[in-house]
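Beneath this line is the structure, given in structure tokens, with notes to follow.
The values are calculated or read from the model by the stated rules, or taken from the named source; none is laboratory data. Please read all numbers here as calculations on a predicted model, not as lab measurements. Please note: Cβ atoms are built from the backbone with ideal geometry, for glycine as well, and neighbour counts cover all protein chains shown. Keep in mind that these areas ignore ligands, DNA and RNA; they rest on the heavy atoms of the full protein, side chains included. Shrake-Rupley method; radii C 1.70, N 1.55, O 1.52, S 1.80 Å.
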Amino acid sequence: MTPLQLFDTYERKVRAFEPLTAGRVGMYACGPTVYNFAHIGNLRTYLFEDILRRVLEFNGYEVHHVMNITDVGHLTSDADSGEDKMELGSKRTGMTAWEMADYYSEAFIADLERLNILMPDVWCKATDHIDEQIAFVEDLETKGYTYRTNDGIYFDSQKLNGYGHLARLDVEGLRQGARVQPGERRFVTDFALWKFSPPGEQRQMEWQSPWGIGFPGWHIECSAMSAKYLGDFFDIHCGGEDHIPIHHTNEIAQTEASRGTRLANFWMHGYFLQVGDAKMAKSDGEFLRLKTVIEKGFDASSYRYFCMTAHYRTQMSFSWDSLQATNTALQRLYQLAYDWGEPGEIASGMLGRFADHINDDLNIPRAIAVIWDMVKADINKADKKATLLEMDKVLGLGFADWRPQEREVPADVMALVEQREQARQSRDFTRADSLRAEVAALGFQIEDTREGPKVTG
Ligand code: AMP
Ligand code: ZN
């Protein structure tokens, strides 16, 4: 099997993955901001991270997976302006910010479970780690990387050599273009570490600190909590591509200034799901949830499979038609695998090809193509089944548990079945066969019995 190679955004290349501690991988994934439900775009990112974790486990590593929950401090603009999304969400929903955080965290975890995403070993909430965040900011202050404005304590990005390397930011260009004074901030890329509660206003979420009552900036939670649970330098940090220029750039800046590391050995990013031409954004108000997908008659596993048909480093467009098309393929595979019966021996050639692709920077689309090759290959059914079940440790589609469902047969399918029956009666077998194929394409099988055609879905 080809050794595991992963794309590292920091170095902008695919390179061999070696864990920092033999046999063990520390992995931190930026979790949700819990002011609303997750949309299916967010879930694409968590599916990518789940596949990453499963591939690491497939390679024999023990993965220590940490995910944060952002329940304070993420402002409506990633660049530290606007309102706190939590306080705003509280106004919208009528729940307190605390109730809302619990409500949306639970809904998020339920979505992950539906998608068969493996649960992190550690969940950590920003509001449970205020002391750690304050200590981190104090350390940055001692080391001379902070300054105070009238609305908070800011990170002085110009003090840090190489600020913005992850995103290849053109800091010099920004410096020259920065004619407009960005408030009291000294420089456009400086960011808040601690924000003061607005004068005369009591926020729902606020804490005492050495600098005054307020709340932590959005980026500090990830530097502080990842250090607590994974140490100052760990294996993999991941999130969506939008985090590259601001959130992850600033996490790195904080940790580099305080601990002298770039936080993680590998920085990995999942690319966006788009609907039409626009990216799907939670703050737009209208977005597709997993619930919507399920209400349209799809299983959560269909969405999981859909996401696996594109490489994680390409943007992907969502449409109901493409979901339908991939779902048809998946249902066919479920049925085939079910019909393969009890597992026999693993076909090592097929599994080896599959492993080569997943180890090639998680090339799941190619790995899935190997499964379709296996469907056609001259291998006995039991061995196909055993091999597929082994592959499913990475895919997580649940082939072992799938059972055919007695589905109600829609009227248009029944009409095709009747036409086929008539064609058969008049011995037009070519037409009968093509009608059978049409019915199969709609996900139904015809079995001819003595009582007439029996349709199963
Ligand atoms: P948020 O809850 O807004 O902090 O986002 C949660 C995760 O979803 C982050 O890792 C984002 O990078 C990611 N994300 C946001 N929008 C999309 C999208 N349209 N497609 C894929 N991932 C996304
Ligand atoms: Zn983060």
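Entry remark, segment 111-135: residues being within 19 Å of LEU75 (Cα to Cα) and either open to solvent by 50 Å² or more (accessible area, probe 1.4 Å) or small (Gly, Ala, Ser) (or both) number 3 in total. Inclusion of GLN204 among residues that are touching a Phe, Trp or Tyr at 6+ places or on another chain (Cβ under 8 Å) and either assigned by TED's automatic domain parsing to the domain that holds VAL66 or surrounded by 22 or more Cβ atoms within 10 Å (Cβ to Cβ) (or both) is warranted.
Out of curiosity, is PHE48 open to solvent by 10 Å² or more (accessible area, probe 1.4 Å), within 11 Å of ligand 1 (Cβ to nearest atom) and part of a helix (DSSP H, G or I)? So PHE48 fits the description; yes. Each residue in segment 314-331 was checked for being touching a residue at least 40 places away in the same chain (Cβ under 8 Å) and either part of a helix (DSSP H, G or I) or acidic (Asp, Glu) (or both), and 3 pass. Of the residues making up segment 237-274, those that are within 14 Å of ligand 1 (Cβ to nearest atom), aliphatic (A, V, I, L, M) and buried (at least 22 other Cβ atoms within 10 Å of the Cβ) are MET268, LEU273. Candidates ALA22, ALA110: the one that is over 18 Å from the mean Cα position of the chain (by Cα), of a type in the set (A, V, I, L, M) and more than 28 Å from GLN133 (Cα to Cα) is ALA22. In the condition set (1) crowded, with 20+ Cβ neighbours inside 10 Å; (2) touching a Pro at 6+ places or on another chain (Cβ under 9 Å); (3) more than 22 Å from ASN42 (Cβ to Cβ), THR146 is compliant with all but (2).
Checking each residue in segment 56-79 for being out of contact with any helix residue (DSSP H, G or I) (no Cβ under 9 Å at 6 or more places or on another chain) and assigned to a loop (DSSP other than H, G, I, E, B) picks out GLY60, TYR61, SER77.
Highlighted here are the strands (runs of 3 or more DSSP E) found entirely within segment 1-41 that include at least 1 residues which are among the aliphatic types (A, V, I, L, M) and either open to solvent by 10 Å² or more (accessible area, probe 1.4 Å) or free of Cβ contacts under 8 Å to residues at least 12 places away in the same chain (or both): 13-16.
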